[in-house]
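Before any comments, here is the structure.
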Amino acid sequence: MIKFDFNTFVDQLLDKTEYEKLMTKKEEIVNQFNSCDMIGWTENIEEDLIEKIKTTADYVKENFECLVVIGIGGSFLGSYAFESMKRKYFNDDHFEVIYAGTSLSSKYMDELLDYLKDKNFCINVISKSGTTMETTITYTLLKDLLKRKYDEKELIKHIIITTDKEKGLLREEVKEKGYQSFVIPDDIGGRYSFMTPAHLFPLALNHNLDEIVKGYYRGKRLGDYAYQYAVIRNCLFKEGKVVENFCVYDENMQPFTEWLKQLFGETEGKGGVGILPTSNVHTRDLHSLGQFIQEGNKILFETFIKVEESEHYIDYEGKSLHEINNIVENSVMKAHFSGGVPCIEISLQKLDADTIASMIYFFQLAAAYSGLLFGINPFNQPGVEVYKNEVRESLGK
Ligand code: PA5
């Protein structure tokens, strides 16, 4: 279950006239959303595909020591964030899934190649376009490592490609070499692709897909809240609150804030508008950005993601540690609100698969509505091309 508090620490700082005005635009915005051609992620995923994902995950678990997932941006953050929230901090007993391809660090690559050289590993390369530089470089280097160990016939067993149905170099490779593959549908963009094999396949190694799928579509019930959240953000933006600070209370949720940053940043940041997403992990960052938030430039509002129940009971002087964490959360909202910072609260009953998947659907919907309220296309990211073109030119490609 997910609860929303858009009032307690927001209300007095919100322009009610603008809020009412935007709330009356709901039908118009929802109609615009429904006529977008990139909303395949709202439609039910096929049962056969879920079965194929599960079978392929079983194949990987039975035949390999680990899976190396290669992808960047929307082709990795969803499953990485989910995995991080469910993984143990110590003595993790999950099937090993390594996420690579998110930087060009020589140190990381050197150590990764060294780590993998004697391992029996499988690669899942994920790229909708099939042209992303970081993904291509990492894939090529890891494939070279495999090629030094195996002949063509054996190599086929070690590579699974997730890409466009028809287009791109990766799809050509699938056709030419006969690698196993999954499709990222035409009508689903990277950051909205959680309910596709791009994320479900890496997750199937360690998680119950049925729970994830069920929870994700349960998120559809949160449509009204998603619209209200988008409206409040838009009003706050117009009042000069141009930064949204996502606050979480456990280090394991930090990657989820990275997913949020990508979702909102790439969705809204165009045409000279958009709210800049940032994040804090509490209580750590109360001892760093906390000062700025309390007394600095009033350019921001915050969205707190609280987890009500924990499976871990630690007694501290008669209270559970989790209760103390949640008391701190509430106190911080009070303090920041008193300093002129509006604080929205989203409470998850538990951090289980079902709730996480619902929350993902909720945020995807809110980001899309928000983009439409800003009057921009929520589903493209033309700005990212600018750096890519510069790199191509500098590398002479
Ligand atoms: O949200 C998006 O569309 C982007 O962040 C992409 O996912 C990212 O750039 C990776 O692209 P690709 O999957 O084509 O390698």
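The values are calculated or read from the model by the stated rules, or taken from the named source; none is laboratory data. Just so it is clear, the model here is predicted, and its values are computed rather than measured. With ideal geometry, Cβ positions are generated from the backbone for all residues, glycine too; neighbour counts draw on all protein chains shown. All accessible areas refer to the heavy atoms of the entire protein, side chains included, with ligands and DNA or RNA removed. Shrake-Rupley method; radii C 1.70, N 1.55, O 1.52, S 1.80 Å.
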Exercise. Looking only at the stretch 213-221, decide whether some residue is among the hydrophobic types (A, V, I, L, M, F, W, C), within 27 Å of F379 (Cα to Cα) and buried (at least 22 other Cβ atoms within 10 Å of the Cβ).
Key: no
Exercise. Mind counting the residues in the stretch 141-179 that are buried (at least 17 other Cβ atoms within 10 Å of the Cβ), in contact (Cβ under 8 Å) with a residue 24 or more places away in the chain and outside any helix (DSSP H, G or I)?
Key: 6
Practice problem: State all residues of the stretch 4-49 that are open to solvent by 60 Å² or more (accessible area, probe 1.4 Å) and either in contact with a strand residue (DSSP E or B) (Cβ under 8 Å, 6 or more places away or on another chain) or of a type in the set (A, V, I, L, M) (or both); if no residue qualifies, say none. | Solution: T8
Quiz item: Can you tell me which residues in the stretch 117-140 are under 17 Å from I160 (Cα atoms) and either part of a helix (DSSP H, G or I) or among the aromatic types (F, W, Y) (or both)?
Solution: F121, T135, T136, I137, T138, Y139, T140
Quiz item: When the residues of the stretch 334-359 are filtered to those that are touching a strand residue (DSSP E or B) at 6+ places or on another chain (Cβ under 9 Å) and over 30 Å from F194 (Cα atoms), which remaining residue is surrounded by the fewest Cβ atoms within 10 Å (Cβ to Cβ)?
Solution: K334
Quiz item: Which pairs do you get when a residue that is at pLDDT 95 or above, found in the stretch 54-65, comes within reach of a residue that is part of a helix (DSSP H, G or I), reach meaning Cβ atoms under 8 angstrom, with the pair 6+ apart or on two chains?
Solution: K54/A204; K54/L209; T56/F201; T56/A204; A57/F201; A57/A204; N63/K157; F64/H158
Exercise. Consider L286 carefully, then state whether it is crowded, with 18+ Cβ neighbours inside 10 Å, hydrophobic (A, V, I, L, M, F, W, C) and touching a helix residue (DSSP H, G or I) at 6+ places or on another chain (Cβ under 8 Å).
Key: yes
Practice problem: Would you confirm whether any residue within the stretch 100-120 is crowded, with 17+ Cβ neighbours inside 10 Å, in contact with a helix residue (DSSP H, G or I) (Cβ under 7 Å, 6 or more places away or on another chain) and touching a residue at least 60 places away in the same chain (Cβ under 8 Å)? | Solution: no
Quiz item: What pairs can you find where one residue is in the stretch 354-371 and closer than 15 Å to R191 by Cα, the other is open to solvent by 10 Å² or more (accessible area, probe 1.4 Å) and among the β-branched types (V, I, T), and their Cβ atoms are less than 9 Å apart, with a gap of 6+ or different chains?
Solution: A357/V213; M359/I2; Y361/T42; F362/I2; Q364/T42; L365/T42; A368/I39; Y369/V30
Quiz item: In the stretch 349-357, is there at least one residue being within 16 Å of the ligand (Cβ to nearest atom) and among the charged types (D, E, K, R)?
Solution: no
Quiz item: Residues of the stretch 251-288 being in contact with a Gly (Cβ under 9 Å, 6 or more places away or on another chain), assigned to a helix (DSSP H, G or I) and of a type in the set (A, V, I, L, M, F, W, C), which ones?
Solution: W259, L263, F264
Practice problem: Identify, from the list F362, F301, F379, F337, the residue that is over 19 Å from S279 (Cβ atoms) and aromatic (F, W, Y). | Solution: F379
Quiz item: Considering only the stretch 362-381, how many residues are aromatic (F, W, Y), closer than 16 Å to I39 by Cβ and either within 16 Å of the ligand (Cβ to nearest atom) or open to solvent by 20 Å² or more (accessible area, probe 1.4 Å) (or both)?
Solution: 2
Exercise. Run C247 past the list (1) touching a residue at least 40 places away in the same chain (Cβ under 8 Å); (2) over 16 Å from the mean Cα position of the chain (by Cα) and report the number of the one that doesn't hold.
Key: (2)
Quiz prompt | Those residues of the stretch 183-207 which are under 26 Å from K88 (Cβ atoms) and outside any helix (DSSP H, G or I), in sequence order | solution = F194, M195, L205, N206, H207
